[in-house]
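To start, the structure itself, in structure tokens.
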Amino acid sequence: MSSDLLLSKVDALVLDDHYHVDSDDNCYFLWEYNAGEGFAFSESNRLILNLKKGVEKRTKYEWRYKLDAIERSARGLASAASNSKWDLRGWILVPAPPSKTKSHELYDDRLVQVAQKIGRLLSVEVLELLENRLDREPQHATKAKRDVNAKITNLRFNRDAISARPRPTGIVIVDDVLTSGATFAACKAVIERNIPGVPVVGLFIARRVPQPEDLGFDDGAYEHDD
């Protein structure tokens with residue numbers, strides 16, 4: 001694993017870019033993603049766009065780039081967590097659920113794969129504690145404001161997955177791109193309701209750098225789910 005990767009904390013310098021993240025939240029990211037700039041803009045843009053390739057492309061040649069992005073994301077996060085001296089003994093990794101339920105033909109398990117690979121590299125347990133009750137429109141397909149309460153209502157907590165296990169030391173929610181922070185806020189709220197008193201941390205492959213439309217200019221649609 002790379003020895004030069006470190007996690008960055010969502011602190012006062014960038015907190016306003018992610019308005020559903022509170023100042024007392026512990027959210028960390030590895031890279032930055034510039035929406036609307038395309039594959040050629042940066043290596044991290046290329047990784048994120050490949051990671052988010054739709055499952056309808058599974059039979060196409062380009063699918064290998066998604067698989068590579070999953071592998072690189074997992075290894076990068078595992079290396080950065082190790083280099084940042086994270087002690088995850090007794091913690092659980094929880095992948096953030098995608099917009100589609102498992103029965104939907106477009107269900108994408110990329111975050112489950114990323115979390116499982118991190119778990120193997122760092123010897124940390126991975127549990128799918130959260131799932132959506134109903135399919136929802138991906139956030140990038142609509143300009144509707146991120147609604148944390150709606151996300152909370154749509155989340156189901158998988159109590160059976162954790163009922164026979166010891167109380168975890170903490171929980172890390174693994175997600176791909178931090179935009180508003182609505183998905184993290186909803187996941188954290190549901191976990192804290194069901195396992196009170198356990199610290200919940202957000203771990204993101206990248207954070208989305210604000211674009212002109214975030215400042216009131218129309219310069220294209222959002223591209224990510226959070």
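Rule-based calculations on the coordinates, nothing more; no lab input. Every value quoted in this text rests on a predicted model; they were computed, and no experiment measured them. Heads up, the Cβs are rebuilt from the backbone with ideal geometry, glycines too, and the neighbour counts pull from every protein chain shown.
Our summary gives the stretch 50-120 a relative contact order of 39 percent, counting only alpha carbon pairs under 8 angstrom and 6 or more residues apart.
FRET efficiency for the Val209 to Arg89 pair, using the beta carbon distance and R₀ = 45 Å, is estimated at 0.85. Taking a label point 7 Å from the Cα of Glu192 along the Cα→Cβ vector, which residues of the stretch 1-36 have an amide N closer than 17 Å to it? Taking a point 7 Å out along Cα→Cβ of Glu192, the residues of the stretch 1-36 whose backbone N falls under 17 Å are 10, 19-28.
Tell me the net charge near Glu125. Cut-off is 12 Å between Cβ atoms, Glu125 excluded, with +1 for each Lys or Arg and -1 for each Asp or Glu. In short, +2.
Approximating the spin labels as points 7 Å out from Cα along Cα→Cβ, the Arg72-to-Leu121 distance works out to 1.3 nm.
With a Förster radius of 41 Å, plug the Cβ-Cβ distance of Glu37 and Asp160 into 1/(1 + (r/R0)^6) and report the FRET value to the nearest 0.05.
Details: r = 43 Å, r/R0 = 1.04.
The formula returns an efficiency of 0.45 here.
Normalising by residue count, the stretch 8-210 has a Cα convex hull of 126 Å³ per residue.
Sequence-distant contacts, meaning Cα pairs under 8 Å at least 6 residues apart, place the relative contact order of the chain at 28 percent.
Label-to-label distance, Ser23 versus Leu106, with points set 7 angstrom from Cα along the beta-carbon direction: 4.0 nm.
Size of the dipole of the stretch 8-210 about the Cα centre, Lys and Arg at +1 and Asp and Glu at -1 on the beta carbon, nothing else charged, in debye to 20?
On the way: 32 positive and 27 negative charges, 104 e Å.
The calculation lands at about 500 debye.
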